[in-house]
Amino acid sequence: MKGLLKILLGIVGLLVVLIVTAAIVIPIYVDPNDYKDEITTLAKKQTGRDLQMPGDLGITVFPWLGVQTGRLVLSNAEGFGEEPMVRAEGVEVRVKLLPLLRREIQMGTVVIDQMQANLARNENGVTNWDDLLKAAEEAPETDKPAEVAPADQKGFALAGLAVGGLDISNSRVTWDDRQAGQRYVIDELNLETGELVPGRPIDIDMSLALDASEPELKGTLSLTGTVSYDLDRQRYQVTPLKFRSSLEGPQLPGGAADISLDADTIAADLNANTASIKAFSLRALETTVEGDIDAQHIDRKLPGLKGYIQIAGDNLPALLRAAGKPELADKIQDDAAKFALNASFDADTDAGTARVSDLEARILGVDLSGDLNATNTNTDNPGINGRLDIAGDDLGSLLAVAGQEPLAQNLKSLKASASLSGTRQSLKLEPLEAEATVAGDALPEGPVDIKLNATADANLAEETLRIPKLSVQGLGLDVQGNVNASGIIERARV
């Protein structure tokens with residue numbers, strides 16, 4: 001037994017000596033630059049492109065078997081100009097030597113420095129990498145890499161694969177779509193990842209500068225997070241997510257906007273057709289949006305949504321201008337620029353139902369609260385029921401946006417509540433209760449309070465309005481009665 005142990009120790013020692021000797025001898029006596037011609041010839045044969053390597057190649061052996069390159073240049077496809085498709089000032093790839101003996105590939109961080117990638121599509125829809133895909137498909141069987149043998153068969157079967165990470169620095173990617181007339185440039189690209197091991201989460205830290213032609217937009221973006229994935233089940237998750245951007249463009253209010261998004265979790269399950277974003281906070285255009293959202297049927301034009309949302313903003317006119325409604329933004333007074341909204345929601349597109357509950361909002365100087373339920377939302381005539389309460393002491397901006405500026409001179413305050421039910425064609429308010437304060441030249445003695453109680457039934461299809469019960473108190477009067485009106489949309493006749 002002692003003899004056998006000595007033999008084994010001797011073999012191990014011999015292997016160590018051989019590895020150390022190789023680590024010393026190979027870099028001295030083997031110059032990888034001697035093989036440049038063979039490498040460029042093989043690249044030409046496999047891709048039909050010219051590969052230039054004007055920089056020096058370097059190698060390491062122990063504990064890492066690695067290659068460092070100088071400048072690399074890959075020519076462009078025919079018809080796409082003289083500018084190279086890909087250029088890099090340096091690439092470094094390393095593999096640990098000893099794990100190879102255990103059929104494991106443990107790579108260090110793959111480093112790519114100052115890469116420039118020029119991607120393009122011509123007027124006919126052909127890209128400058130289509131020829132590379134075609135060459136790969138048409139390659140003879142002898143030129144294709146051999147399949148990895150299963151572990152229980154002869155050959156080399158991988159027991160594990162790990163990459164220390166990816167480090168892309170000071171790089172640039174250009175996308176020139178001549179068919180669509182669009183051009184996008186990503187500059188100052190820096191991307192660092194954590195260890196890349198199949199099935200394990202990946203840390204990502206990325207920053208870049210963007211220059212787009214359509215829409216015309218410039219700015220900087222950064223993103224950090226940890227990506228988890230299950231390719232077999234098509235499940236993807238980022239947690240946590242931190243996104244920052246500073247953008248400039250003529251379509252942005254004031255020509256510029258800072259946008260940030262933070263979230264505990266963003267997840268998608270493509271097999272289940274669902275997605276979610278948890279504990280998110282989106283800030284842009286002096287507005288903050290926070291909440292939780294779950295989505296179903298995400299491949300549909302109108303997915304199902306459930307969650308809650310809180311919105312608070314200081315500049316409603318800026319949002320309206322961003323939405324292409326400058327004429328409305330100009331009607332909002334400065335003291336009505338702030339707004340807020342809180343609500344829970346649940347929309348089921350399969351059942352054709354939607355619910356907004358615990359609604360609380362302050363917008364255009366008015367407080368709004370209530371609950372709303374909708375049915376048959378997947379038909380042409382959905383139904384609605386619920387209750388709304390509204391109150392405001394400064395209605396100028398609200399009435400101006402509604403196109404009722406003259407009324408703003410007389411209606412000073414309003415408090416109303418109503419239970420509503422109906423469809424797009426017919427709506428019933430029962431009961432409708434309102435209190436208002438009115439003033440104006442016709443009331444020289446000052447503002448007057450008016451109370452109203454009524455039930456109302458509007459048929460939009462027939463353009464009729466019925467108020468079977470009406471009670472108005474104010475100006476020293478107590479009026480009881482009913483009202484019937486027709487042509488209420490085009491021209492009212494009472």
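The values are calculated or read from the model by the stated rules, or taken from the named source; none is laboratory data. Bear in mind that the values here come from a model prediction, so they are computed numbers and not experimental data. Cβ: placed from backbone, ideal geometry, glycine included. Neighbour counts: every protein chain shown. All accessible areas refer to the heavy atoms of the entire protein, side chains included, with ligands and DNA or RNA removed. Shrake-Rupley method; radii C 1.70, N 1.55, O 1.52, S 1.80 Å.
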Check your understanding: Any chance segment 102-112 includes a residue that's open to solvent by 60 Å² or more (accessible area, probe 1.4 Å), charged (D, E, K, R) and on the phi > 0 side of the Ramachandran plot?
Key -> yes
Review point. Does Glu445 qualify as being charged (D, E, K, R) and crowded, with 16+ Cβ neighbours inside 10 Å?
Key: no
Point to revise | Residue among Asp314, Asp299 that alone is farther than 27 Å from Gln404 by Cβ, modelled with pLDDT of 90 or more, of a type in the set (D, E, K, R) and surrounded by fewer than 18 Cβ atoms within 10 Å (Cβ to Cβ) | key: Asp299
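Residue by residue, here is whether (1) surrounded by fewer than 17 Cβ atoms within 10 Å (Cβ to Cβ); (2) within 28 Å of Glu123 (Cβ to Cβ); (3) in contact with a Phe, Trp or Tyr (Cβ under 8 Å, 6 or more places away or on another chain); (4) not acidic (Asp, Glu) holds:
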{"site": "Ser169", "(1), (2), (3), (4)": "yes, no, no, yes"}
{"site": "Thr174", "(1), (2), (3), (4)": "yes, yes, yes, yes"}
{"site": "Gly181", "(1), (2), (3), (4)": "yes, yes, no, yes"}
{"site": "Asp187", "(1), (2), (3), (4)": "yes, yes, no, no"}
{"site": "Ala212", "(1), (2), (3), (4)": "no, yes, yes, yes"}
{"site": "Pro240", "(1), (2), (3), (4)": "yes, no, no, yes"}
{"site": "Arg244", "(1), (2), (3), (4)": "yes, no, no, yes"}
{"site": "Ala257", "(1), (2), (3), (4)": "no, no, no, yes"}
{"site": "Asp262", "(1), (2), (3), (4)": "yes, no, yes, no"}
Review point. Using beta carbons and a limit of 6 Å, which pairs, at least six apart or on different chains, have the first residue in segment 341-352 and crowded, with 16+ Cβ neighbours inside 10 Å and the second one of a type in the set (Ser, Thr, Tyr)?
Key: Ser344/Tyr308; Ser344/Ser357
Review point. Which one of the conditions (1) open to solvent by less than 60 Å² (accessible area, probe 1.4 Å); (2) at pLDDT 90 or above does Gly79 fail to meet, given that it meets all the rest?
Key: (1)
**Study point:** Qualifying residues in segment 216-238 (those that are in contact (Cβ under 8 Å) with a residue 24 or more places away in the chain and of a type in the set (D, E, K, R)) - the one least open to solvent (accessible area, probe 1.4 Å)
**Key:** Asp230
Point to revise | Every residue from segment 99-134 that is over 23 Å from Ala43 (Cα atoms), outside any strand (DSSP E or B) and among the acidic types (Asp, Glu) | key: Glu123
Exercise for review: Only one of these is of a type in the set (D, E, K, R), within 30 Å of Glu214 (Cβ to Cβ), assigned to a strand (DSSP E or B) and in contact with a strand residue (DSSP E or B) (Cβ under 7 Å, 6 or more places away or on another chain): Asp346, Asp262, Asp292. Name it.
Suggested key: Asp262
Point to revise | Asn373 modelled with pLDDT under 90 and open to solvent by 30 Å² or more (accessible area, probe 1.4 Å) | key: no
Revision key, fill the gap. Expected output for segment 264-275 (first residue open to solvent by less than 50 Å² (accessible area, probe 1.4 Å), partner assigned to a strand (DSSP E or B) and basic (Lys, Arg), Cβ below 7 Å, 6+ apart or cross-chain) is Thr265/Lys278; Asp269/Arg235
Revision key, fill the gap. The residue that is nearest to Pro326 (Cα to Cα), considering only those in segment 236-257 that are among the charged types (D, E, K, R) and in contact with a Gly (Cβ under 9 Å, 6 or more places away or on another chain), is Glu248
**Study point:** Members of segment 353-362 found to be surrounded by fewer than 18 Cβ atoms within 10 Å (Cβ to Cβ) and closer than 19 Å to Gly383 by Cα, listed by number
**Key:** Arg355, Val356, Ser357
Study note, to complete from the structure: Output for Cβ contacts, cut-off 7 Å, separation at least six or different chains, first residue at positive phi in segment 188-208, second open to solvent by 50 Å² or more (accessible area, probe 1.4 Å) and assigned to a strand (DSSP E or B), reads Glu188/Asn170
